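Undergrad: Attaching a single structure in structure tokens format; questions to follow.
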Amino acid sequence: MRKYLLRRALFGLGTLIGVSMIIFVVLRVLPGDPLVAILGVEGHARMQPADRVRIMADLGLSDPLPVQYLRWLRDIATGQLGKSFFRGDTVRDLILHRGPLSAEIALLALIVSWLVGLPAGIASAVRPNGWLDTVARVVSIFFIAVPGFWLGLLIVLALLFWFGYKAPIIIVHVWENPWQNLQQVIGPAIVLGLAQGAYISRMSRSCLLEVIREDYVRTARAKGADERAIVLRHALPNALLPVITISGVLLGFVLGGSVAVEQAFGVPGLGRALVTAIVERDIIVVQNLVLLYAAIFVVVNVFVDLSYAWLDPRIRY
Amino acid sequence: MSEQRRSHTAVSRRTFLRTVGIGAAVVAPGLAATPARAQETPSPIRPDPAAKRGGTLRYAVHTAVAHYDVQQSGTVANIGPQSPMYDTLLRRDPKDGQTIIPDLAWKYEIAPDGKKYTFYLRKGVKFHDGADFTAEDVKATFDRIARPPKGVVIPRTPLFATVGEIVVVNPHQVEFRMTEPRPRAYMLGAFASGWNIIVRKKTLDDNGGNLRQVMNYPGTGPFKHVERRDKEVWIMERNQNYWNKGLPYVDRLEIYHAPPFSPELASAFLSGKVDYARLLDPVAWRRAKEMKGVTAAAFNQSVIQAFWCNQKKNKALNDPRVRRAIHLAMDRNALIEVVKDTAPMQIGGFVYPFHEMSTPKADLEKKLGYQKDIKPAVQEARRLMQEAGYGQGLKGLDFVVRDIQTFKLWAVAIQAMLKEHINVETNLRVVQTSVWFDEAAAGNFDLAISAIVSTLMDPSDIFSAWYGKNGPQNYGGWVNEPFHDLASRIEKELDVKKRTAMVRQAEDMCEKDPPLIPVAYEQIYDAWYNKVHGQNPTPYFGIYDVVRWDQVWVS
């Protein structure tokens, strides 16, 4: 187990170094001048070559790329993660302030996806091709097909125009005011959770259908065991492994999807910060947030692998 | 002896009066010129006895600052949240947004030849850190604006190009000595611009003249910084020691971040989360207008929306007849209709259509290119293309479009108009804003659509920046020597009537040889709940001058 963990940690570290190099290079070769965002279009138009040289030097952008990359690694090692080009705020502070909101959204979305997806999948599998199965399949396909940000916009507009309601417009942390915080995160969490729940429903249905046809389930039925106990106690745990795997992958989608959904709901989380940083070409913020997302993805997948061993005693690392 | 003594000691009534009169004549100007304390030199903005004091004003505007240096900025993201903390030498009266009134200077004098501006500064004004405000601060502020250090870029520098020397006469009097005169309205407008806030000399010295990363530098303004959360809210409190006693009215100012024309802004206002919203989208603004207890106002903005023809790269576009044909091929009423739910716009020519010196709207609408019936303009456009040798049209023009909703909508419409009216075929290339400016600077385009902001409404500002031979926003590389000569004379002409005639002449020159193709002029949509009093921006020009909220109260 320890060896496995070490191997996965090294693999994860390699992945993150690869991601950091790719994002570092991509952001620097993309066309577009970050000084437009710093100076504004009027200031940029009036900038003299000597001003450019000075500003680029101040920002550290005139150093060779390897020097810039090593400086970034140093910033990561010190925990500062670098400073925004523009205002000098550290990326660490940005993550500490906005991260909890995005983390709550992701966690709630995961809970919603399981709360909705798993019962729907079980109901579909127990009576395949019945009316409940048909409804569950149609609904799940609907939520897979509909983009989250569009659904988010509809919800925001409906709440606004029908009830004159809008969630708080600045970050309210859960420890400051749990009720207002819930109002802020519940919308994005439901939209993201329903989309992921649709995948979980589809996956759990097919896995459960497969397991229900196994010999040991037939044996249990022949022995006269209760149908509910057969499904929940015998079949479901064995059907859950692929569902857990997909949940790990889906968390990645939740992180990616949160960028657009936070934007639609106007929630000032990390996803929205990433969008703004991309628009502003604040490359220090972008590269750190992308790396953070990659790190979360790697860690979640390690946890998913470890949970296999816990759920299925036959699996040993 | 006694008679003699009497002649020395007795004072006749006439002598007495003459003496007093002479004495008064000598002393009075001295008294008038002696700068009094702040409260003895009241601002024209007097506290309204009917106003209610206290409370919080919640204002939503774009506040995503790229940096904190107001003078280096060109965006409402800075001036929106930061202006309440600062004052200017002169300011625009919040009542009409036009009249220039004293601010930190309680009085000013302009030499008859227009080559010297003297400002008498208020005494007893303090910065938020407790330091006294003096003429040294004014000098340091305007020295930096007129001649920024390396690595500092201030868009308003050209407005002070003729300021030769700034002389501190005494701690409360400062002179701006000009190398050559400029029209009074031009210079006073420059001093009253909301961008030209007064900052401490020490602040500038301590930071090498660059405040881009200094978040809370002291001002003298009506509000003091309390807290800022990036892209969320900037909170300020009433400056208890504000020199204009009795102002501001509200105790707390909360300025929330909401991008222009965005659903966030609309929903924050319509749900009552904020009291005042600036830059609402047209759909939300129309809805606000119908709401009970809400006032919605539209006013002019200092922005032109236009596209440029690259005259250096494309031989055909270097021909004034082709550019005029393109200009005439535009159905401007349709273009405004295209974006009516995205951003509010109005028709205009080459000078702000609402400026007193520009062609009046009624006359402009009779001109080719601005009429509702575009057939005559299109016929003339085709004739011009024929005459220029491009009767068959042009193919494959690279049309660079900034990735902003209005430009994307317009680009498609302009593409269709050019094809249909004069058989000019274009390939649209949508790029990020930063890329657009790279491409424009490098000349990598045939046509390119964007917008420009100006500080002043005065034509001389735009004639040098937009149409000047080396103007920073002359993206097409336009050169027209007679125009440049005329613009230079307009800049120096002090007589308003003569200047107006010259501006009309310049407009005509642009019609014949367009330096750019005007698409529309922007408007601003604001809305506020009626509990907010003391400001109605309807007569304002732009969102960069009346931005201090000191005269606003909440009931």
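A short reminder: the numbers here are calculations on the coordinates, not readings from a lab. What you see is a predicted model; the values in this text were computed from it and never measured. Note that each Cβ is placed from the backbone with ideal geometry, even for glycine, and that neighbours are counted across all protein chains shown.
Undergrad: Restricting to Cα pairs below 8 Å that are 6+ residues apart, what does the relative contact order work out to for chain B? Please round to a whole percent.
TA: So the answer I get is 21 percent.
Undergrad: With a point put 7 Å past each Cα toward its Cβ, work out how far B:Lys202 is from A:Ala158 in nm, to one decimal.
TA: Distance between the two pseudo-spin positions: 5.9 nm.
Undergrad: Mean projection of the alpha-carbon convex hull of region B:419-465 over all orientations, in nm²?
TA: Average projection, Cα convex hull of region B:419-465: 5.0 nm².
Undergrad: Another question about this same structure. Could you give the size of the charge dipole of the protein assembly as shown about its Cα centre, using +1 on the Cβ of each K and R and -1 on the Cβ of each D and E, expressed in debye and rounded to the nearest 20?
TA: Roughly 900 debye, rounded to the nearest 20.
Undergrad: Considering the Cα trace of chain B, what is its radius of gyration and what is Dmax, both in angstroms?
TA: When restricted to the Cα atoms of chain B, Rg and Dmax are 26.8, 113 Å.
Undergrad: So, one more: So for chain B: antiparallel DSSP bridges make up what percent, rounded to the nearest 5?
TA: Roughly 75 percent of the DSSP beta bridges within chain B come out antiparallel.
Undergrad: While we're looking at this one, here's another question. Roughly how many Å is it from the Cα centre of region B:225-296 to that of region B:337-368, as a whole number?
TA: 29
Undergrad: While we're here: With viscosity set to 1.567 mPa s at 4 °C, what whole-number translational diffusion coefficient in µm²/s follows for region B:183-242 from Stokes-Einstein and a Kirkwood radius over Cα pairs?
TA: Here the translational diffusion coefficient equals 94 µm²/s.
Undergrad: Please arrange B:Val233, B:Val552, A:Val254, A:Val302 by counting, for each residue, the other beta carbons lying within 10 Å of its beta carbon, fewest first.
TA: A:Val302, B:Val233, B:Val552, A:Val254
Undergrad: How about region B:324-399: which trypsin sites (Lys or Arg not before Pro) there lie in a loop by DSSP and see at most 16 other Cβ atoms within 10 Å?
TA: Passing sites in region B:324-399 are B:Lys340, B:Lys366, B:Lys367, B:Lys372.
Undergrad: Another question, then. Per q in 0.06, 0.09, 0.15 Å⁻¹, report the Debye log10 I(q)/I(0) for chain A, using one uniform scatterer on each alpha carbon and no solvent.
TA: -0.29, -0.61, -1.25
Undergrad: Please list, in order along region A:268-283, the HN-Hα scalar couplings obtained from phi with the Karplus expression 6.51 cos²θ - 1.76 cosθ + 1.60 (θ = phi - 60°), rounded to whole Hz, x for Gly and Pro.
TA: Listing the rounded values in order: x, x, 5, x, 5, 4, 5, 4, 4, 5, 5, 4, 6, 6, 7, 5 Hz.
Undergrad: For the protein assembly as shown, what does the helix formula give at 222 nm: sum of -39500 (n - 2.57) over DSSP H segments with n ≥ 4, over the residue count, nearest 500 deg cm²/dmol?
TA: Calculated mean residue ellipticity at 222 nm is -16000 deg cm²/dmol.
Undergrad: Right, here's the next one. Taking the Cα centre of region A:59-151 as the origin, how large is its charge dipole in debye, to the nearest 20, when only Lys and Arg (+1) and Asp and Glu (-1) carry charge on their Cβ atoms?
TA: 40
Undergrad: Using Cα pairs under 8 angstrom and six or more residues apart, how large is the relative contact order of region B:288-370, in percent?
TA: Dividing the mean separation by the residue count of region B:288-370 yields 21 percent.
Undergrad: By how many nm would the segment from A:Asp93 to A:Val53 grow when fully extended, if each residue of separation counts as 0.36 nm and the alpha-carbon distance is taken off?
TA: 11.5 nm
Undergrad: Take every Cα-Cα pair in region A:162-286 and report what % of them are more than 25 Å apart.
TA: 49
Undergrad: Could you tell me the calculated FRET efficiency between B:Asn444 and A:Asp63, based on Cβ-Cβ distance and R0 = 25 angstrom, to the nearest 0.05?
TA: Efficiency at R0 = 25 Å is approximately 0.35.
Undergrad: On to the next question. Amide H to amide H under 5 Å from B:Trp106: which residues, 5+ apart in sequence or cross-chain, H placed 1.01 Å off N in plane?
TA: Those qualifying (amide H under 5 Å, at least 5 residues apart or on another chain) are B:Tyr120, B:Leu121, B:Arg122.
Undergrad: Mean projection of the alpha-carbon convex hull of region A:1-125 over all orientations, in nm²?
TA: So the Cα hull casts an average projection of 13.2 nm².
Undergrad: Going by alpha carbons, how many degrees (0 to 90, nearest 10) lie between the helix axis of B:433-442 and the longest principal axis of chain B?
TA: The angle comes out near 80 degrees.
Undergrad: Using Cβ contacts closer than 10 Å as the measure, can you line up A:His97, B:His62 from fewest to most?
TA: Listing A:His97, B:His62 from fewest to most nearby Cβ atoms yields A:His97, B:His62.
Undergrad: Amide H neighbours of B:Gly164 under 5 Å, counting only residues 5+ apart in sequence or on other chains, H built in-plane at 1.01 Å?
TA: Hits under the 5 Å cutoff: B:Arg177, B:Met178, B:Thr179.
Undergrad: Give me the distance in nm between label points sitting 7 Å out from Cα along the Cα-to-Cβ direction at B:Lys469 and A:His173, one decimal.
TA: Between B:Lys469 and A:His173, the label points sit 6.0 nm apart.
Undergrad: So, in Å, what gap is there between the alpha-carbon centers of region B:185-200 and region B:498-538?
TA: 20
Undergrad: Sort B:His484, B:His257, B:His172 so the one with the fewest other Cβ atoms within 10 Å of its own Cβ comes first.
TA: The fewest-first ordering by Cβ neighbours comes to B:His484, B:His172, B:His257.
Undergrad: List the pairs from A:Lys166/B:Lys231; B:Lys115/B:Lys469; B:Lys126/B:Lys245; B:Lys231/B:Lys273; B:Lys201/B:Lys245 whose alpha-carbon separation is above 22 Å, in the order I gave them.
TA: As for pairs spanning more than 22 Å Cα to Cα, those are B:Lys115/B:Lys469; B:Lys201/B:Lys245.
Undergrad: For the pair A:Asp312/B:Asp48, report the inter-label distance in nm, with labels modelled 7 Å from Cα in the Cβ direction.
TA: Here the answer is 7.4 nm between the modelled labels.
Undergrad: Ok, one more. In whole percent, what relative contact order does region A:140-282 give with Cα contacts below 8 Å and a gap of six or more residues?
TA: It comes to 32 percent, rounded to a whole number.
Undergrad: Rg to Rh ratio, region B:48-107, alpha-carbon atoms and Kirkwood radius?
TA: Answer for region B:48-107: 1.02.
Undergrad: Regarding region B:466-555, what are the three Cα extents along the principal axes, ordered largest first, in Å?
TA: 57, 31, 20
Undergrad: Explain nothing, just compute: Karplus ³J(HN,Hα) = 6.51 cos²θ - 1.76 cosθ + 1.60, θ = phi - 60°, for every residue of region B:67-74 in order, whole Hz, x for Gly and Pro.
TA: Once θ is set to phi - 60°, the couplings for region B:67-74 become 7, 9, 8, 4, 5, 7, 8, x Hz.
Undergrad: Which log10 I(q)/I(0) values does region B:248-399 give at q = 0.11, 0.12, 0.14, 0.20 Å⁻¹ under the Debye formula, counting every alpha carbon as one identical point scatterer?
TA: The calculated log intensity ratios at q = 0.11, 0.12, 0.14, 0.20 Å⁻¹ are -0.63, -0.71, -0.86, -1.25.
Undergrad: While we're on this one: Would you be so kind as to identify which of B:Gly476, B:Ile422, B:Ala501 lies farthest towards the positive end of the dipole of region B:406-555, taking Lys and Arg as +1 and Asp and Glu as -1 on Cβ and the Cα centre as origin?
TA: Working it through, the farthest residue towards the positive pole turns out to be B:Ala501.
Undergrad: Same structure, new question: Going through region A:214-256, which trypsin sites (Lys or Arg not before Pro) have at most 15 other Cβ atoms within 10 Å and a DSSP loop state?
TA: A:Lys223
Undergrad: Could you list, bin by bin from short to long, the percent of Cα-Cα pairs of the protein assembly as shown in 10 Å steps?
TA: Histogram of Cα-Cα distances, whole percents per bin: 2, 11, 18, 21, 18, 13, 8, 5, 3, 1, 1, 0, 0, 0, 0, 0.
Undergrad: Quick one: of B:Lys315/B:Lys366; B:Lys361/B:Lys498; B:Lys361/B:Lys531; B:Lys123/B:Lys202, which pairs are farther than 26 Å apart, Cα to Cα?
TA: In this structure, B:Lys315/B:Lys366; B:Lys361/B:Lys531 exceed 26 Å between Cα atoms.
Undergrad: Another one. Along the positive direction of the dipole of region B:194-294 (beta-carbon charges: Lys, Arg +1; Asp, Glu -1; about the Cα centre), which of B:Ala284, B:Ile198, B:Gln213 reaches farthest?
TA: B:Ile198
Undergrad: Moving on. Could you run the Karplus curve 6.51 cos²θ - 1.76 cosθ + 1.60 with θ = phi - 60° over region B:246-253 and give me ³J(HN,Hα) per residue in whole Hz, x for Gly and Pro?
TA: x, 10, x, 7, 7, 7, 9, 10
Undergrad: For peptide B:225-231, what's the mean number of Cβ atoms from other chains within 10 Å of each residue's Cβ?
TA: Average per residue, whole number: 4.
Undergrad: Considering only the protein assembly as shown, what is the antiparallel percent among its DSSP beta bridges, to the nearest 5?
TA: Antiparallel: roughly 75 percent of the beta bridges in the protein assembly as shown.
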